Amino acid sequence: MGSFRVLIWVCSFTVVVSVVKSVFRSSATTSHPRTSRCKAISRMLSISIERSSIPVSVLSTSRHVATTTRAGQDSGNSNAVQTSKSPEWALKATRCANHASPDGTVVGVMCSFKVKEEHVQEFIAEAITNAKASLQNEPDCLRFDVIQDSKTPTKIAFCEVFRNLEGIEKHKTQDHYKRIKGLLPDMVVDQSRSVWCRNVFPKHPEARWSAQGEAKSVQHPHFAQGSLHVISSPMYVKEEHIQDYLQAIIKDAKDSISQEPGCLRFDVFQSIDKPGVLWLYEVYANEAAFDYHGNAPHIQTWKDTVQHMHTEEHRETNRDKRVFGRNVWPPDNAGWSVL
């Protein structure tokens, strides 16, 4: 009996050694810079670890044929085709430093400004300088969009996306941030308080948040025209309707991305401090694509569903803070699409 136990122990040890060796070999080829060998071993041994549940195949440098539809791009979509292969957007973006945290979360900072007419061009120049410096010098800054309203050029909005709250705090210590903050009192008529938000949709670890795309954008005046049409719009929802509203807007976002060829992204953010304040950030190929969006059947369904859910202040406050217009920066050929 003793010899039998020894034999079992030796066999078990041999299997473990074999597994460890295979993990060390495979971990050397993975493209994910944060995946340590210890975590790879834990995954191989089926130990629960504090990581995303993305299959290892998604983290690998190899590409796979996607079998999910665009409508199934978010992990919360019950209609998605469930397979072991990577979702469609995993084909367009390998997990890297330009993506969200492993659980798919990011932090959005939504800002809106009313700029003095004589300072509009100066403000835009300073905003672009700040945005470029943030992306170049801050690893946790994933995107920094500057948008100008088409009908009221003095209305300008920022959409800043950071990997985490620590990234925002570090951003506030940077010289480029301090510079533009110091210039604001002289250039703006009114600056609404920045709203710190969590992402509600998309919330998939492979969603593309980086404004820098897969490859470095070609620098050319042709791409700096600002031909996209971008929507930055706050929504104010009654407390008792927040969950129903979120369910309705997420469905609308999924339908917009999956069924409209001109809808590049439809981000839904929720204020960290005030859950009843939501922020929609939508990007369309051009203004005609936005008009097409406005006539889509799922938009009418969404309107009918949520028309009674807004607060009394919604109409006036939304009109005051929303910005519908062109992308000032980054240029047209940046990473605008969520896919």
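What the table shows:
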quantity	calculated
Residue 300-residue 189 FRET efficiency (beta carbon distance; Förster radius 30 Å; 0.05 resolution)	0.25
Amide N proximity, region 115-135 versus residue 175 label position 7 Å along Cα-to-Cβ, cut-off under 20 Å	125-135
Nonlocal amide H pairs with residue 209, under 5 Å, H built at 1.01 Å	100
Euclidean distance between Cα centres, region 283-337 to region 176-245, Å	13 Å
For q = 0.15, 0.23 Å⁻¹, Debye-computed log10 I/I(0) when each Cα of region 107-224 counts as one equal scatterer	-0.72, -1.46
Cβ-based net charge around residue 112, under 13 Å, with every Lys or Arg adding one and every Asp or Glu removing one	+1
Additional length obtainable on full extension of the chain from residue 312 to residue 217, 0.36 nm per residue less Cα span	29.8 nm
Packing-based order for 294-300, 152-158, using average beta carbon neighbours within 10 Å, highest first	152-158, 294-300
Of 151/178; 238/303; 132/181; 254/303; 155/321, those spanning more than 18 Å from alpha-carbon to alpha-carbon	151/178
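Since every read-out is calculated from the coordinates, none of them should be taken as a lab result. Since this is a predicted model, take the numbers as computed values, not measurements. In this analysis, Cβ positions are derived from the backbone assuming ideal geometry, glycine residues included, and neighbour counts consider all displayed protein chains.
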